[in-house]
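Below is one structure, written out as structure tokens, with a few remarks after it.
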Amino acid sequence: MSAPSSFAPLTGSAPATAGEEFRALSKLAGPLVGANLLQMAVAAVDVIFVARLGTIELAAATLGVFLFNMLMYAMIGLTSAAAPLIAAELGRRKHAVRDVRRSFRMALWVGAAGCAVVILILAHGETLLLFADQDPDVARRAGHFLDILLIAIIPGVAAGVMRTTAAALGRPGWAFAVTGMALLLSIAANWCLVFGNAGFPRLGLEGSALASVISLSAMAIAYWLILHFDPKLRRYRLFGRWWRTEWPRFREIVRLGLPIALTWMFEGALFGGASLLMGLLGVDQVAAHAVALNIAAIAFQVPFGVSQAATIRVGMAFGAGDARWIALAGKVALMLGIGFMAVSAIAMWSAPRLFVSAYLDVGDPAHATVVNLAVSYLAVAAVFQLVDGAQAVAAGILRGLQDTRVPMLVALFGYWVVGFGTAIALGFWTPLAGVGIWIGLAAGLLAVSILLTWRWIARERLGLTGARAAAR
């Protein structure tokens, strides 16, 4: 039997056992999970530095970063369609170098076109925030912040495409290394530019925006160097003939990627909408919600990384036309994602105050209300950890089958009809209040996880595996 490394994504070899698939998936998912966690740390750095500038600056940065991240990650979702396409090409092992290069090149083209639209939107950030009835001073400062930050959308999306491609080609470790570099650079740039240390000018809020531009640009440059000089990646000559059009591949990336982008926006908007509902209940509820949501978001990075890796593994099996491998890859991914979330659910249920203590002094009477609310929200979060992991991984393995449109519709229905509808009903028409809103979030995730898992189970009956795989 070959060593586990022989089943790395670059080879396209089918594993013989679940253990071999588990090792291959873990080898791919581990660095992606680490990179996701580091990316959360990068976002936290900006908040930590800007919070010292004052309430208006913090509010402006919070709103500006929300708009920027929502649109940037939508563009990354759009271009992430390159992952299942590249994986399928490697699975087929037919003209893989040329086809991989085409998918990569057209993903960059799609990203560039999307960035042009996003830049136009962000350039009118102040107007959008005023339209949303935000404080005029906050909207004005956020507008100035976005005027600088919007520059970062291009390197941010380009880095996303290159990260996805490197992972699909069997080099996921670079994602962790590059994101770690970006974290250190973000800390240094914020320290220098926000407060004017080390001889740099004191730029305040605008300095934080410039620090983000610098860190995202450095990420893009680092990935460009990696794709050029890594021995396992340079043979694809990914930037060769970058000007050449491949319109069929361009349209395929848009067809697969647009539903992914909308799915991510639907989910992000659900949690953003829940925050707005909490705001109608009171300040303490908002603070407790923010703490509980951040804890849940950290745990979510593990199944999200598994989902990203599973897209590649299932995509390779799909390209190879191997129904057994498709089933094995999906089963192992679901078990890994749900298994971790089961552990995190038990931890949250058993010691919620321990997790909350990382954010608040649980012994301070002044924080008692917020602490008690956060603990009650975490009790619900512990329940939906399992379904959150299931829906994330199920979406990833379906993307490996290049199935994105119906999962998008499932997300729209589950998150907004079931989830948001239940949150409003229980949050405002029952005594549950904030707990009711969290139950609504859990209900939405449960609905999506059931429907996506059923779709995965019924994949052959629905014709999702393709004629080649179904025949084996």
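The values are calculated or read from the model by the stated rules, or taken from the named source; none is laboratory data. Not measured: the values here are computed from a predicted model. No Cβ is skipped: glycine too gets one built from the backbone with ideal geometry, and neighbour counts run over all protein chains shown. Heads up: the accessible areas ignore ligands, DNA and RNA and are worked out on the full protein's heavy atoms, side chains in. Shrake-Rupley method; radii C 1.70, N 1.55, O 1.52, S 1.80 Å.
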Which count do you get for residues in the stretch 195-211 that are open to solvent by 20 Å² or more (accessible area, probe 1.4 Å) and either among the basic types (Lys, Arg) or in a helix (DSSP H, G or I) (or both)? 4
Of the criteria (1) of a type in the set (Gly, Ala, Ser); (2) surrounded by fewer than 17 Cβ atoms within 10 Å (Cβ to Cβ); (3) assigned to a loop (DSSP other than H, G, I, E, B), which one Gly170 fails: (2)
Any chance Cys192 is within 27 Å of Phe66 (Cα to Cα), without any contact (Cβ under 8 Å) to a residue 60 or more places away in the chain and open to solvent by less than 10 Å² (accessible area, probe 1.4 Å): no
Residues within the stretch 214-240 that are open to solvent by less than 20 Å² (accessible area, probe 1.4 Å) and farther than 16 Å from Gly180 by Cβ, tallied: 5
Return the total of residues in the stretch 413-424 being crowded, with 18+ Cβ neighbours inside 10 Å and touching a Phe, Trp or Tyr at 6+ places or on another chain (Cβ under 7 Å). 1
Test Gly434 against the criterion of being of a type outside the set (Phe, Trp, Tyr), at pLDDT below 95 and open to solvent by less than 40 Å² (accessible area, probe 1.4 Å), and give yes or no. yes
May I ask you to list pairs of residues, at least six apart or on different chains, whose Cβ atoms are under 6 Å apart, with the first in the stretch 442-468 being under 17 Å from Leu409 (Cβ atoms) and the second being surrounded by fewer than 20 Cβ atoms within 10 Å (Cβ to Cβ) and at pLDDT 95 or above? Gly444/Val418; Ala447/Val418
With the requirement that a residue be among the polar types (S, T, N, Q) and under 14 Å from Ala392 (Cβ atoms), what does the stretch 328-362 give you? Ser344
Can you find a residue that is of a type in the set (D, E, K, R) and open to solvent by less than 60 Å² (accessible area, probe 1.4 Å) anywhere in the stretch 356-366? yes
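Would you say Thr127 is hydroxyl-bearing (Ser, Thr, Tyr) and more than 28 Å from Ala44 (Cβ to Cβ)?
Yes; evaluated as a whole, the condition is true for this residue.
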Selection status of Thr311, part of a helix (DSSP H, G or I), in contact with a Pro (Cβ under 6 Å, 6 or more places away or on another chain), hydroxyl-bearing (Ser, Thr, Tyr) and closer than 27 Å to Leu25 by Cα: yes
Those residues that are small (Gly, Ala, Ser) and surrounded by fewer than 22 Cβ atoms within 10 Å (Cβ to Cβ), I need them from the stretch 81-114; list them, please. Ala96, Ala112, Ala113
When the residues of the stretch 437-462 are narrowed to those that are small (Gly, Ala, Ser) and crowded, with 20+ Cβ neighbours inside 10 Å, which ends up nearest to Gly400 (Cα to Cα)? Ser449
Subset tally (residues that are among the aliphatic types (A, V, I, L, M) and either open to solvent by 20 Å² or more (accessible area, probe 1.4 Å) or closer than 25 Å to Ser357 by Cα (or both)) for the stretch 280-319: 16
